[in-house]
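Peer 1: Below you'll find the structure I mean.
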Amino acid sequence: MNRVHRSLRFRLAATFAWFGALVSLLLATGLSFTAHNLGERLMDETLRAEIEDYIARRARNPNSLPPATISVRGYVHVPGRPDEAIPPALLKLDPGKHQLVLDGIPYRVAVADRGDERYVMLFNEVRQRHREEQFLVYLAIGALVAVLVSAAIGWWLAGRIVAPVAELSRRVGRARPEDEASGMEKGFADDEIGRLARVFGGYLKRMRAFIDRERAFTADVSHELRTPLSIVQGAVELLEDDPRLDGKQRERVARIGRASGEMIELTAALLLMAREESPDEPADSNCDVCDVVRHAIDAHRHLLSEKTAVELDCRSRPRVAAERTLLGIVVANLIRNAFAYTESGKVAIAVEDRCLTVADTGPGIREEEIGKVFQRHFKGSGSTGAGIGLSLVKRICDRYGWETVIDSTEGQGTTAQLFFAGPA
């Protein structure tokens with residue numbers, strides 16, 4: 001499952017909102033508990049005062065009636081006198097404070113004994129509970145307002161905090177090696193963001209120096225390698241036209257020519273890979289994959305044994321947007337490996353709309369080595385190469401978004417597939 005991307009400002013504002021919600025919840029819980037506890041104490045105090053007042057009135061006038069208001073109702077129980085008006089449930093209560101429901105109405109009850117007489121006072125809790133419910137609604141509204149205010153303050157404050165970071169991010173994103181490093185740190189205060197901007201400025205200086213050295217190295221290598229290779233290639237062409245050479249000598253000259261040609265192509269590929277790809281540089285979209293494959297077959301046919309046949313099936317003629325030299329390096333590596341390791345049988349090459357498949361009947365690759373074939377300098381069992389061919393293939397594929405998949409069974413053969421747009 002993909003993680004949902006949230007901006008730093010959103011996360012800071014959400015943190016403020018959560019903090020406000022937590023504080024509001026704790027405050028609302030505390031106030032609700034305090035209000036409920038205070039209401040119970042007020043009811044108990046009212047019942048105690050009513051009982052004492054009624055006892056005092058009965059002492060002055062034995063015929064005095066107990067209170068009977070909307071909120072408070074009293075009863076007195078005298079032994080030997082019928083108590084038709086007292087609910088039976090009240091007679092079972094012990095002296096003290098109680099919670100009771102009579103006829104669906106909640107009451108707070110206080111029971112007190114004075115001599116042989118028992119006094120019972122009831123406080124109707126309906127209005128009190130209604131007030132508590134209203135108070136809870138007000139608390140909920142207040143908590144919601146507090147959360148919204150916290151989120152708004154958090155959003156505003158996060159914008160102030162994140163603004164320098166966003167500005168630094170924009171500068172770093174637009175920075176190019178040839179830009180002045182002072183422009184990176186200009187306008188920032190002497191705080192953490194300013195120090196970070198200065199770090200990026202120093203990094204930009206080092207990057208510019210590194211790129212200058214790389215460009216100089218690339219120019220030197222291009223000249224120092226291509227010139228002698230061109231001389232070797234020219235000497236090979238002259239030797240090939242010499243009628244005094246016998247068959248073995250011509251074969252050796254041809255090997256030198258092929259080696260120098262491969263070296264020229266490899267040098268060109270490495271120089272292209274070392275060059276930074278520019279988004280404004282138009283890619284060559286006229287690379288005919290079938291032509292590149294045929295050229296690679298002809299260039300490496302000398303690696304085939306007499307017992308190995310080659311089958312080429314161009315089911316379509318796809319064209320890819322890439323440097324022809326780099327595409328040739330990828331195709332040549334896959335075909336060269338198939339030719340070199342197939343002593344007998346056949347090498348089947350198929351070109352489809354978005355895929356090139358090279359299947360051979362060679363010895364195959366061990367299962368534990370399959371995952372390492374694209375590692376630089378890795379050489380499997382029986383390999384005679386330097387271990388850079390497939391690693392270079394992977395670098396070129398990463399450059400263009402291609403993918404190479406190798407499937408092999410030891411003793412049965414290997415199938416290499418090059419997907420120009422990724423496997424389906």
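Peer 1: Given the structure, is Ser408 modelled with pLDDT under 85, out of contact with any Asp or Glu (no Cβ under 6 Å at 6 or more places or on another chain) and either buried (at least 19 other Cβ atoms within 10 Å of the Cβ) or not in a helix (DSSP H, G or I) (or both)? Let's see the steps before the verdict.
Peer 2: Details: modelled with pLDDT under 85: no; out of contact with any Asp or Glu (no Cβ under 6 Å at 6 or more places or on another chain): yes; either buried (at least 19 other Cβ atoms within 10 Å of the Cβ) or not in a helix (DSSP H, G or I) (or both): yes.
It is false that Ser408 is modelled with pLDDT under 85, out of contact with any Asp or Glu (no Cβ under 6 Å at 6 or more places or on another chain) and either buried (at least 19 other Cβ atoms within 10 Å of the Cβ) or not in a helix (DSSP H, G or I) (or both).
Peer 1: Restricting the first residue to the range 408-421 and requiring it to be charged (D, E, K, R), which pairs with a second residue that is surrounded by fewer than 17 Cβ atoms within 10 Å (Cβ to Cβ) and not in a strand (DSSP E or B) meet a Cβ separation below 6 Å and a spacing of at least six or different chains?
Peer 2: Taking only residues 6 or more apart or on different chains, the pairs are Glu410/Arg366.
Peer 1: Those residues that are of a type outside the set (Val, Ile, Thr) and touching a strand residue (DSSP E or B) at 6+ places or on another chain (Cβ under 9 Å), I need them from the range 104-115; list them, please.
Peer 2: Pro106, Tyr107, Arg108, Ala110, Ala112, Asp113
Peer 1: Right, next: In the range 78-128, which strands (runs of 3 or more DSSP E) lie fully inside it and hold 3 or more residues that are within 60 Å of the chain's Cα centre (by Cα) and not aliphatic (A, V, I, L, M)?
Peer 2: By residue number, 105-114.
Peer 1: If we scan the range 27-43, do we find a residue that is of a type in the set (A, V, I, L, M), surrounded by 15 or more Cβ atoms within 10 Å (Cβ to Cβ) and under 30 Å from Ile161 (Cβ atoms)?
Peer 2: Yes, because at least one residue in the range 27-43 is of a type in the set (A, V, I, L, M), surrounded by 15 or more Cβ atoms within 10 Å (Cβ to Cβ) and under 30 Å from Ile161 (Cβ atoms).
Peer 1: Quickly run through the range 44-69 and pick out the residues that are among the basic types (Lys, Arg) and surrounded by 13 or more Cβ atoms within 10 Å (Cβ to Cβ).
Peer 2: Pass one, the range 44-69, residues among the basic types (Lys, Arg): 48, 57-58, 60.
The answer is Arg48, Arg57, Arg58.
Peer 1: Restricting to the range 320-351, name every residue that is of a type outside the set (A, V, I, L, M) and touching a Ser or Thr at 6+ places or on another chain (Cβ under 7 Å).
Peer 2: Thr342, Glu343, Ser344, Gly345, Lys346
Peer 1: Quick one: count up the residues across the range 116-165 that are crowded, with 16+ Cβ neighbours inside 10 Å, closer than 17 Å to Arg9 by Cβ and among the small types (Gly, Ala, Ser).
Peer 2: Residues meeting the conditions: 4.
The values are calculated or read from the model by the stated rules, or taken from the named source; none is laboratory data. If you're wondering where the values come from, they're calculated on a predicted model, not measured in any experiment. Quick reminder, even Gly has a Cβ in these numbers, built from the backbone with ideal geometry, and neighbours come from all protein chains shown.
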